[in-house]
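The block underneath contains the structure these notes are about, expressed in C-alpha cells.
The values are calculated or read from the model by the stated rules, or taken from the named source; none is laboratory data. Nothing here was measured: the structure is a model prediction, and the numbers come from that model. Backbone-built Cβ (ideal geometry, glycine too); neighbour counts: all protein chains shown. Just the protein is used for accessible areas: all its heavy atoms, side chains included, with ligands, DNA and RNA removed. Shrake-Rupley method; radii C 1.70, N 1.55, O 1.52, S 1.80 Å.
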Amino acid sequence: MNNSEKKRMNGEAEEENEEDVEDEGRDAWERTYTDERSWEALEEDESGLLQPIDNKAIYHSQYRRRLQSLSATSAASRIQKGLIRFLCVVVDLSKAAGEMDFKPSRMAVIAKHVEAFIREFFDQNPLSQIGLVIIKDGVAQSLTELGGSPEAHIKALMGKLGCAGDSSLQNALELVHDTLHKIPSYGHREVLILYSALSTCDPGDIMETIQKCKKAKLRCSVIGLSAEMFVCKHLCQETGGSYMVALDEGHFKELLLEHAPPPPALAEFAIANLIKMGFPQRAAEGSIAICSCHREAKVGEGYICPRCKARVCELPTECRFCGLTLVSSPHLARSYHHLFPIEPFTEVSARQLELSRVASKTCFSCRESLLTPGTNKAGPCAACTKCKQYFCLDCDIYIHESLHNCPGCESRRITPAAASVTMS
Amino acid sequence: MLKEGAIESRLVAGPLVVTTWPRSFLLPPHSRGKLLRDFNQSTVVVGHGYASFQANRRSLISFSDDVSLLVVLIDTNPFFWSTSSSSLNFHQFVSHVLVFLDLIVRLSQLNQIVVIATGHNTCDYIYDSSLDTDQVTGEGELPALYSFVLQRLEEFVDKDEKLGAKQEGLSEKRASSLLSGSLSMALCYIQRVFRSGPLHPQPRILCLQGSPDGSEQYVSIMNAIFSAQRSMVPIDCCYVGSHNSAFLQQASYITGGVYVKPQHLEGLYQYLATVFAVDLHSRSFLQLPRPAGVDFRASCFCHKTTIDMGYVCSVCLSIFCKHHDKCSTCGLVFGKVQSDAASDRKRKVPES
C-alpha cells in the first residue's frame, strides 16, 4: 500500500509522516541527518569558540528515568540479588553478523562491546564466571570454558571473528544447557544471547529445548540486532529473562551493560548455601615456589592456599589441587553495595532551592555552585532524603552509579538513640 | 630568624583536659584565637615573594605532566589527639602539614590543593586553592595560606564540638573519625575536576589519619576505594596513630598509593616532603616505601576474628567461621529451598 493510505490509517497525522514520504528511499542513518540536524545545535560564544552543548539536563532526565524504572521493579524491601553468577555469552556469528548496518559490521561492533561488557562484568561480580559460545555454520561451539579471568575470554573472542553459515538457536541452547548443568546449586545460571540472524535452523523441536532450559532454571536473555523474533521472545518469557532489540550502536552498548549488575533473583532459582572459601595470605617477599597455574618457578608475589599450601598467582580463583575457592575480602566487599543500596535522591526544582534557607547555594560534595552559570538564579539540583543536603546533578549521577555512598549521610554521626528515632 | 629547610615551632601546648568531649585538645580553654597567635611566634620556613606566586599562577596555560591536584584529608578527631601519647600533638602536626602544603604550592604554579577536615561528628572543606575567595593576601610575617587555614580549622573544630555536644558521652574507648565522609567528598570534588575539561591536573588523595578504624564504616570506605580505583585516583596515607590501620593499608594497595607509618613523628615533615610531595608521573622513577604485608584476610561476622578459611553465604556474602544452619544477616536457611514466608515476601512475577 502506498504512503497516503498509510497516513489515513494512522489516524493522527504526525509531522514525521510527511517527511516519511520523501525519505522513503533513504536508510536509517541518512534519516538521522535529515531529521535531527545536530549541527544546528552548536553555538558560538563571543570570541568565536564553540560552546559545549548543554545536554546536561537531558542526560540527567534520562538517568533519572532509568533510576525510577530500576527502583520500581525492585520492591521497597531489600530484594535478593544473584551475586554468584555463571553466565554464558552466546555470540551469533552467522552470515547475518556480517551485515553492515552497524558500522563497520555487526560482528565488529559486537566484539568491541562484549570486551567492555566482560571487563565491567568482572568488576561488578568478582565471584562470578563467564563462558563464551559462538554459533557458526549452524553449529554451536564452546569458545572458552567457564572461568574468572577476563583476559582469557577477550583473547579467545578476538581471535575467532569470522562469520559464515546459518544460525541455530537450538544447538546453542543445548550446548549451554550441558555446560551450565554441572555447576553447583548456589550459583545463578544465566545465558545472554546476542542474536543477529532473522531465522534459526534447528535439528529438532526448539520448544522442547526451551522447556528443558526452563526446568534447569536457566535465565536466558536475548539482545537482538535485527528485528524482534517470536522464538526469542518466547524463550525469554518462559525462562524469565529480558528480550531487547538494539536500535543502534549506542543503544546496543546500553542494553549490553544493563546485564552487568546482578539481576534480582527469584527465591526459588538459587538455594542459599554456605560455600567454603579460603582467604589466602600473600606469600613472603623473597620466597620461591612453583605456581600451580603456570607450572613454573616464581619469586614472591603470590598467594598461598590455606588448605593445601599451593601457590596461586591471582585471585579470585579455584585452587587446582584441592578445589577450594580462593578470594580476598575486597572481592566480597565489591558486591556489598548491591546489598546496601542508597536511596535515590529527590529532585529539587529551582524554585524550591531558592526558597530554602541554605546559606551558600553550593553542592555539598563538590562545592560547585548550584546557580545557573551566568545568572543568579538557582538551577535544578537533587537532595538526599535522609541528610537533606543538596547535590548537583553530576554528583547525583556519580554517587548513584559509581560511589554508592551519600557524602552527606557519611559526614554525620548518628547515635544509636537518634538512629532508632529516625527509623521508627 | 628564618631558616631555609628547617622547622622550629615554639607553640605553647595547652593542658590536655580530657572530659567526655575533649574541650581543650587544641588550646587552653580561656583563649580563642590563641592558635593563630601562637603560630605567629613560631619560626617557620617562609619563602620570599610568596604573594607573587599567587599572581603569576593563572597566567600559565600549559599543563605539563607533573602538575598535581592534592586533596588532603586532615584528621581532627579530638578523641585521638587528646589521648595520643606519641611525641606529636595537634599544634605540631598542623605546623608540619602547613609547611608541606606550602611546599606543594611552590613545586609548580599550577598545583592545586584542597584541604578537607575529618572530624568526629562532621567533615567539611577547609581550603581550596583554586577558589577566588580563598586567595587572601596576608600581611605580616605569616603567609596568607597559614593564617587562613588555621582560622578555618578553628572554626571547624568549634562546629564539630557543637554537633557533638548534643549527644551523651561516648562509652567506647576507640572513637573513630568520619573517614568515609571526607573520602566521599574528596572523590566528588575530583570528579568535578575531571568534568572541567581536557586540561586538568592529575588528582590524588593524601590521608593524614591517626584515629583507629571504625568497623561500622567498612562498607562505605570500601565503596569509596573501589570508586577511586575506577577513576584511577591513588589514595596515599600517612598514619600517625599507634597501630596500623587495615582500611587505609587496603586503600593504598588497591588504588596504587603509598602507605607510610612514620616511626619518628617529630620529623613528620621530612616523611611528607620526601614521599608524598612527589607527583604521580615522577613516582615511576623513585623507590617509594613498599607495604610490608597487607592483610587481606576477612574477619568472620560472628566473632570478628580474622580467618583463613570460612563459610560464605551465597546470597548475602556474609562470612562465618563455622557451619551454621541459618544465616544471621539475611535469615535464610541453608541447604534447602526457601520457606514459604520468605518466598512470599520476596516473590515477584518476572517481567517479560
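Here are the numbers:
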| item | result |
| --- | --- |
| A:Ala172 vs. criteria without any contact (Cβ under 8 Å) to a residue 12 or more places away in the chain and in a helix (DSSP H, G or I) | no |
| Condition broken by A:Glu190, with the remaining ones in (1) within 14 Å of chain B (Cβ to nearest Cβ); (2) over 30 Å from A:Cys305 (Cα atoms); (3) modelled with pLDDT of 90 or more satisfied | (2) |
| Members of region B:229-246 found to be at the interface with another protein chain (Cβ under 9 Å from one of its Cβ atoms) and either charged (D, E, K, R) or touching a strand residue (DSSP E or B) at 6+ places or on another chain (Cβ under 7 Å) (or both), listed by number | B:Arg230 |
| Condition check for A:Ala260: open to solvent by less than 10 Å² (accessible area, probe 1.4 Å) and either part of a loop (DSSP other than H, G, I, E, B) or small (Gly, Ala, Ser) (or both) | yes |
| Pairs where the first residue, in region A:189-208, is farther than 30 Å from A:Ala265 by Cβ and the second is in a strand (DSSP E or B) and open to solvent by less than 40 Å² (accessible area, probe 1.4 Å), C-beta under 8 Å, 6+ apart | A:Ala197/A:Asp92 |
| All positions within region B:295-318 that are more than 7 Å from chain A (Cβ to nearest Cβ) and not polar (S, T, N, Q) | B:Asp295, B:Cys300, B:Phe301, B:Cys302, B:His303, B:Lys304 |
| Members of region A:294-324 found to be buried (at least 19 other Cβ atoms within 10 Å of the Cβ) and among the β-branched types (Val, Ile, Thr), listed by number | A:Ile304, A:Val312, A:Thr317 |
| Region A:243-257, residues that are in contact (Cβ under 8 Å) with a residue 12 or more places away in the chain and either part of a helix (DSSP H, G or I) or more than 9 Å from chain B (Cβ to nearest Cβ) (or both) | A:Met244, A:Val245, A:Ala246, A:Asp248, A:Glu249, A:Phe252, A:Lys253, A:Leu255, A:Leu256, A:Leu257 |
| Subset of region A:278-288 that is in a loop (DSSP other than H, G, I, E, B) and not hydrophobic (A, V, I, L, M, F, W, C) - its residue that is least open to solvent (accessible area, probe 1.4 Å) | A:Pro280 |
| Pick from region A:213-242, criterion without any contact (Cβ under 8 Å) to a residue 24 or more places away in the chain and of a type outside the set (Phe, Trp, Tyr), ranking: surrounded by the most Cβ atoms within 10 Å (Cβ to Cβ) | A:Cys236 |
| Counted residues, region B:103-133 - those being more than 11 Å from every other protein chain (Cβ to nearest Cβ) and either touching a residue at least 40 places away in the same chain (Cβ under 8 Å) or surrounded by 17 or more Cβ atoms within 10 Å (Cβ to Cβ) (or both) | 15 |
| Scope region B:230-263; condition under 17 Å from the mean Cα position of the chain (by Cα), open to solvent by 40 Å² or more (accessible area, probe 1.4 Å) and closer than 29 Å to B:Ser82 by Cβ; matching residues | B:Ser242, B:His243, B:Asn244, B:Ala246, B:Lys261 |
| Selection from region A:303-332 of residues that are more than 13 Å from chain B (Cβ to nearest Cβ) and over 15 Å from A:Gly148 (Cβ atoms) | A:Ala310, A:Arg311, A:Phe321 |
| Residue in region B:264-273 that is surrounded by fewer than 20 Cβ atoms within 10 Å (Cβ to Cβ) and under 14 Å from B:Leu206 (Cα atoms) present | yes |
| Members of region A:111-169 found to be among the polar types (S, T, N, Q) and out of contact with any Ser or Thr (no Cβ under 9 Å at 6 or more places or on another chain), listed by number | A:Ser128, A:Gln129, A:Gln141, A:Thr144 |
| Test: residue in region B:208-227 that is open to solvent by 30 Å² or more (accessible area, probe 1.4 Å), within 23 Å of A:Tyr303 (Cα to Cα) and away from chain A (no Cβ under 14 Å) | no |
| Boolean, A:His234 is touching a helix residue (DSSP H, G or I) at 6+ places or on another chain (Cβ under 9 Å) and assigned to a helix (DSSP H, G or I) | yes |
